[in-house]
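Undergrad: The structure's right below; bear with me while I get my questions together.
The values are calculated or read from the model by the stated rules, or taken from the named source; none is laboratory data. Bear in mind that the values here come from a model prediction, so they are computed numbers and not experimental data. We place every Cβ from the backbone using ideal geometry, glycine too, and count neighbours over all the protein chains shown.
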Amino acid sequence: MPAAASPLFLREAEIRRGIELVHFAQGQLYRGIDEALAVHGLGRAHQRVLYFTARRPGLSVGALLRLLGITKQSLGRVLNDLTVGGFIETRPGTSDRRQRLLRLTPIGAALEAELFGLLRAKLGRAYSDAGPGAVAGFWAVLEALIPAADRPRIAGLGTAE
């Protein structure tokens, strides 16, 4: 059972403890993901694109750029790798033929499902161990880390299903 937070949670020691926990938890969460991606010569940037394309099939490249908050050049490299590897396909928009809409191929959908399964298993165990109150608190802290101006970008991604 993790130690309860100090009532003085804004002191340096508590802030450092939070930073350390985030760092090590992220490493553990993504350890299996990194290995599965490496088999295909891919990295975490590729996983993010696969994940959000799976969440929103038909997402435009422009919308993905805004969602991820990255440069067109960075996304271009990742999309090229995923397209050449057969994981993602692009189609022109229906109302604007210049628009590029993204969809996972069957191979991309299978890889994304495998990666999500790894994340789901680890987060599911942690959520179960921590309990619903802790999960709500965890979400509140993560949401508070996102600048208020950026929160609308993620608001439409869905809620717990």
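Undergrad: Taking only segment 85-129 into account, find how many residues are in a strand (DSSP E or B) and either touching a Gly at 6+ places or on another chain (Cβ under 8 Å) or not polar (S, T, N, Q) (or both).
TA: Our first condition is that a residue be in a strand (DSSP E or B); within segment 85-129, this holds for 88-92, 100-104.
Those left that are additionally either touching a Gly at 6+ places or on another chain (Cβ under 8 Å) or not polar (S, T, N, Q) (or both): 88-89, 91-92, 100-104.
Total meeting the criteria: 9.
Undergrad: Please work out which one of (1) under 18 Å from Ala36 (Cα atoms); (2) surrounded by 17 or more Cβ atoms within 10 Å (Cβ to Cβ); (3) out of contact with any Phe, Trp or Tyr (no Cβ under 9 Å at 6 or more places or on another chain); (4) among the aliphatic types (A, V, I, L, M) is the condition Leu115 fails and give its number.
TA: Only one criterion in (1) under 18 Å from Ala36 (Cα atoms); (2) surrounded by 17 or more Cβ atoms within 10 Å (Cβ to Cβ); (3) out of contact with any Phe, Trp or Tyr (no Cβ under 9 Å at 6 or more places or on another chain); (4) among the aliphatic types (A, V, I, L, M) is unmet by Leu115, namely (3).
Undergrad: Still on this structure: Considering Gly43, Gly32, which residue is surrounded by 14 or more Cβ atoms within 10 Å (Cβ to Cβ), modelled with pLDDT under 90 and within 30 Å of Thr105 (Cα to Cα)? Write out each step before concluding.
TA: Working: Gly43 fails: modelled with pLDDT under 90.
Testing whether each residue is surrounded by 14 or more Cβ atoms within 10 Å (Cβ to Cβ), modelled with pLDDT under 90 and within 30 Å of Thr105 (Cα to Cα) leaves just Gly32.
Undergrad: For segment 141-161, what are the residues that are within 26 Å of Arg31 (Cβ to Cβ) and part of a helix (DSSP H, G or I)?
TA: Val141, Leu142, Glu143, Leu145, Ile154
Undergrad: Right, something else. So the check is Cβ under 8 Å with 6+ separation or different chains; which pairs have a first residue in segment 44-68 that's over 23 Å from Tyr30 (Cβ atoms) and a second one that's modelled with pLDDT of 90 or more and assigned to a helix (DSSP H, G or I)?
TA: Val61/Leu75; Val61/Leu79
Undergrad: Mind listing whichever residues of segment 75-101 are loosely packed, with under 14 Cβ neighbours inside 10 Å, under 20 Å from the mean Cα position of the chain (by Cα) and aliphatic (A, V, I, L, M)?
TA: none
Undergrad: Oh, and also: Please specify each residue of segment 56-71 satisfying the condition of being part of a helix (DSSP H, G or I) and touching a Leu at 6+ places or on another chain (Cβ under 6 Å).
TA: Keep residues of segment 56-71 that are part of a helix (DSSP H, G or I), which gives 61-68.
The one that is part of a helix (DSSP H, G or I) and touching a Leu at 6+ places or on another chain (Cβ under 6 Å): Leu65.
Undergrad: Would you confirm, using the coordinates I've provided, whether Pro132 is over 30 Å from Leu10 (Cβ atoms), without any contact (Cβ under 8 Å) to a residue 60 or more places away in the chain and loosely packed, with under 11 Cβ neighbours inside 10 Å?
TA: On the way: over 30 Å from Leu10 (Cβ atoms): no; without any contact (Cβ under 8 Å) to a residue 60 or more places away in the chain: yes; loosely packed, with under 11 Cβ neighbours inside 10 Å: yes.
It is false that Pro132 is over 30 Å from Leu10 (Cβ atoms), without any contact (Cβ under 8 Å) to a residue 60 or more places away in the chain and loosely packed, with under 11 Cβ neighbours inside 10 Å.
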